[in-house]
Amino acid sequence: MPEPQLSRGTLAHIPASVKTPSDAPRPEETGVVHLGLGAFHRAHQAMVFDQLLREGDTRWGVHGVGMTQAGLVNKLRAQEGLYAVRIAGASGVEWQVPGALWQTSVATTERVQVVNAMAAPSTRWITLTVTEKGYTPALAQLLIDGLRARHAAGHAGLTIASCDNLQGNGHKLQALIHATATTQDAALMQWTDAHCAFPCSMVDRIVPAATPEVLSAAKDALGVHDECALSTETFWEWVIEDKFVDPADGALLAKCGVRVTPDVHSYEEAKLRMLNGSHSAMALMGAITGRAHIADCIAEPHIQAFVHRLMSREVAPHLSRADWADYRDALIRRFGNPYLKHSVHQIAMDSSQKIPQRWPPSILGQMAKGQSYEHHALAAALFLRYTLAVDEQGKAYALNDPQAESLMAIGASQRSQASACIQALLARQDLWGAELPSRADWHARVAEWHQHILQHGVDAAVKTLLQNTP
């Protein structure tokens, strides 16, 4: 006999210790269309919306849109939008089943359904977690089609909130829409600018890709089978610009723990450069040394010291977030959370899209002050070594990156022609911006660390850096 599966009908069998939805969904009344239905959204924004729903405000049900892959959408449909989230931290573990996901679609195969959802009178918000590489004309055209249908129907404007790791993400999304629109869309763009809001936002919560261990733990905790279970940490942060179509939304979100502020920039730059910048460096270390997870990396005293110093010495001097030291210490604790099996290869994915936002601002800041940027130079050398696609034990791994082909072509001969490879990698303005490629001092420091990594290994290079720059 097949084991029972998580659904609205089996909620009554779940232990009382697990927080479950109190009300049935009302699919015809979804208020949020979310583009990019992955693990992060389901363990972050969807849980905020779930809290609003629990308090009786039914305007926050979510229509979740998978952009290309039907697999997750089909699993969630089979479970009527339900999934379990393990929230684990120093104080212990708790489980929750959020109930905010009321409808699902796949953009590539159900485009009309997605456009209609954006145009529906009940829809008030669109949120996005499509990753840095997802900001394409195709995304903009989908939004334009939805806004056009909405405008034609005479409905109110929308709050359209990017929740991706892009500085000024609200401005960038609005600019992308304008750049993609045609001359026939002039009136629509005027209406969009006048009646829609594009707040910038910063979101922070570590949500690893699901593993068989999490699925097994969910079955033990819930007593039912759950194909979509997730694991996350207790910490979460959502900072959003105080710019909404309905000004009352800000106070509602603030009651749920969201930070509503006119100054998102100081938080987003701290997250990009401290959390994400450190994550990228550790992910490359882990991939090359054969350590599977971030927790495995930060557990090594020399890697923890490297990360602490990277943030304190080379990143923090250029941040405007006042509580950066507390944030740094919280990050190191979070990186070590044993429940977060955060794969280094998952974080290293799309590095060519991430590094330009995470490292160059700190490197240039240090140069402007005449201060050391050795930790970032070593990180850049790690990136070149990573393009060999084989770890120090000889085990091959895949480069999952839009630029994988060109990066591997650059890196293939780095053992025999290191100087030429470094020159080719560091010359790329798409990675390093306009200034760094011409800095001979930058090239020299990366070259020295790259040579050290090739000759002695990553761990020895990190320990040498720590010894030589007390």
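For residues that are among the hydroxyl-bearing types (Ser, Thr, Tyr) and buried (at least 20 other Cβ atoms within 10 Å of the Cβ), tally how many sit in segment 187-212.
The qualifying residues number 2.
Quick test of your reading of the structure: residue 239 fulfils all but one of (1) at pLDDT 95 or above; (2) of a type outside the set (D, E, K, R); (3) surrounded by fewer than 16 Cβ atoms within 10 Å (Cβ to Cβ). Name the failing condition by number.
(3)
(1) surrounded by fewer than 17 Cβ atoms within 10 Å (Cβ to Cβ); (2) within 27 Å of the chain's Cα centre (by Cα): which one isn't true of residue 425, the others all being true?
The number of the failed condition is (1).
Report the residue count in segment 9-23 for those that are surrounded by 10 or more Cβ atoms within 10 Å (Cβ to Cβ), assigned to a loop (DSSP other than H, G, I, E, B) and out of contact with any strand residue (DSSP E or B) (no Cβ under 7 Å at 6 or more places or on another chain).
6
Which of the residues that make up segment 281-306 are surrounded by fewer than 22 Cβ atoms within 10 Å (Cβ to Cβ) and small (Gly, Ala, Ser)?
Of everything in segment 281-306, those that are surrounded by fewer than 22 Cβ atoms within 10 Å (Cβ to Cβ) and small (Gly, Ala, Ser) turn out to be 290, 292, 295, 299, 305.
Within segment 432-452, take every residue that is more than 29 Å from the chain's Cα centre (by Cα) and of a type in the set (A, V, I, L, M) and give me the one that is farthest from residue 388 (Cα to Cα).
Across segment 432-452, the extreme among qualifying residues is 440.
For segment 28-49, check the following and say yes or no: at least one residue is free of Cβ contacts under 8 Å to residues at least 40 places away in the same chain, assigned by TED's automatic domain parsing to the domain that holds residue 164 and over 30 Å from residue 152 (Cα atoms).
no
Go through (1) under 25 Å from residue 169 (Cβ atoms); (2) out of contact with any Leu (no Cβ under 7 Å at 6 or more places or on another chain); (3) not aromatic (Phe, Trp, Tyr) one by one and return the number of the condition residue 75 breaks.
Every listed condition holds for residue 75 apart from (1).
Results for (1) free of Cβ contacts under 8 Å to residues at least 40 places away in the same chain; (2) over 27 Å from the mean Cα position of the chain (by Cα), shown as yes or no for each residue.
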{"residue": "172", "(1), (2)": "yes, no"}
{"residue": "177", "(1), (2)": "yes, no"}
{"residue": "180", "(1), (2)": "no, no"}
{"residue": "189", "(1), (2)": "yes, yes"}
{"residue": "202", "(1), (2)": "no, no"}
{"residue": "206", "(1), (2)": "no, no"}
{"residue": "209", "(1), (2)": "no, no"}
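Pairs please, first residue from segment 104-125 and over 10 Å from residue 146 (Cα atoms), second anywhere and surrounded by fewer than 20 Cβ atoms within 10 Å (Cβ to Cβ) and of a type in the set (Asp, Glu), Cβ atoms under 7 Å, 6+ apart in sequence or on different chains.
122/29; 124/246
Filter segment 197-219 down to the residues that are in a loop (DSSP other than H, G, I, E, B) and out of contact with any strand residue (DSSP E or B) (no Cβ under 7 Å at 6 or more places or on another chain) and list them by number.
Residue satisfying the conditions is 211 alone.
Just for segment 326-368: of the residues that are basic (Lys, Arg) and part of a helix (DSSP H, G or I), which one is farthest from residue 290 (Cα to Cα)?
Filtering first and then ranking leaves 328.
With at negative phi and crowded, with 22+ Cβ neighbours inside 10 Å as the only criterion, which of 128, 76 stands out?
128
Out of 309, 291, which single residue is assigned to a helix (DSSP H, G or I), more than 21 Å from residue 240 (Cβ to Cβ) and not β-branched (Val, Ile, Thr)?
309
Working only within segment 347-359, note down all residues that are within 20 Å of residue 423 (Cβ to Cβ) and either among the small types (Gly, Ala, Ser) or crowded, with 24+ Cβ neighbours inside 10 Å (or both).
The answer is 351, 352, 359.
Within segment 140-153, is even one residue surrounded by fewer than 22 Cβ atoms within 10 Å (Cβ to Cβ), more than 30 Å from residue 401 (Cα to Cα), touching a residue at least 12 places away in the same chain (Cβ under 8 Å) and touching a Leu at 6+ places or on another chain (Cβ under 8 Å)?
Yes, segment 140-153 contains at least one residue that is surrounded by fewer than 22 Cβ atoms within 10 Å (Cβ to Cβ), more than 30 Å from residue 401 (Cα to Cα), touching a residue at least 12 places away in the same chain (Cβ under 8 Å) and touching a Leu at 6+ places or on another chain (Cβ under 8 Å).
Among the residues of segment 51-63, is there at least one that is over 21 Å from residue 203 (Cβ atoms), among the polar types (S, T, N, Q) and out of contact with any strand residue (DSSP E or B) (no Cβ under 6 Å at 6 or more places or on another chain)?
Yes - at least one qualifying residue is present in segment 51-63.
Could you check, for segment 213-226, whether at least one of its residues is farther than 26 Å from residue 258 by Cβ, of a type in the set (Lys, Arg) and crowded, with 19+ Cβ neighbours inside 10 Å?
no
Does residue 393 fit the bill of being over 29 Å from residue 468 (Cβ atoms), in contact (Cβ under 8 Å) with a residue 40 or more places away in the chain and out of contact with any Asp or Glu (no Cβ under 6 Å at 6 or more places or on another chain)?
Numbers: over 29 Å from residue 468 (Cβ atoms): no; in contact (Cβ under 8 Å) with a residue 40 or more places away in the chain: yes; out of contact with any Asp or Glu (no Cβ under 6 Å at 6 or more places or on another chain): yes.
In short, no.
Only one of these is free of Cβ contacts under 8 Å to residues at least 12 places away in the same chain, more than 17 Å from residue 284 (Cα to Cα), touching a helix residue (DSSP H, G or I) at 6+ places or on another chain (Cβ under 9 Å) and surrounded by 15 or more Cβ atoms within 10 Å (Cβ to Cβ): 362, 413, 406. Name it.
406 is the lone residue from the list that is free of Cβ contacts under 8 Å to residues at least 12 places away in the same chain, more than 17 Å from residue 284 (Cα to Cα), touching a helix residue (DSSP H, G or I) at 6+ places or on another chain (Cβ under 9 Å) and surrounded by 15 or more Cβ atoms within 10 Å (Cβ to Cβ).
The values are calculated or read from the model by the stated rules, or taken from the named source; none is laboratory data. Fair warning: this is a prediction, and the values are worked out from it, not measured in the lab. FYI the Cβ positions are ideal-geometry reconstructions off the backbone, even for glycines, and counts take in every protein chain you see.
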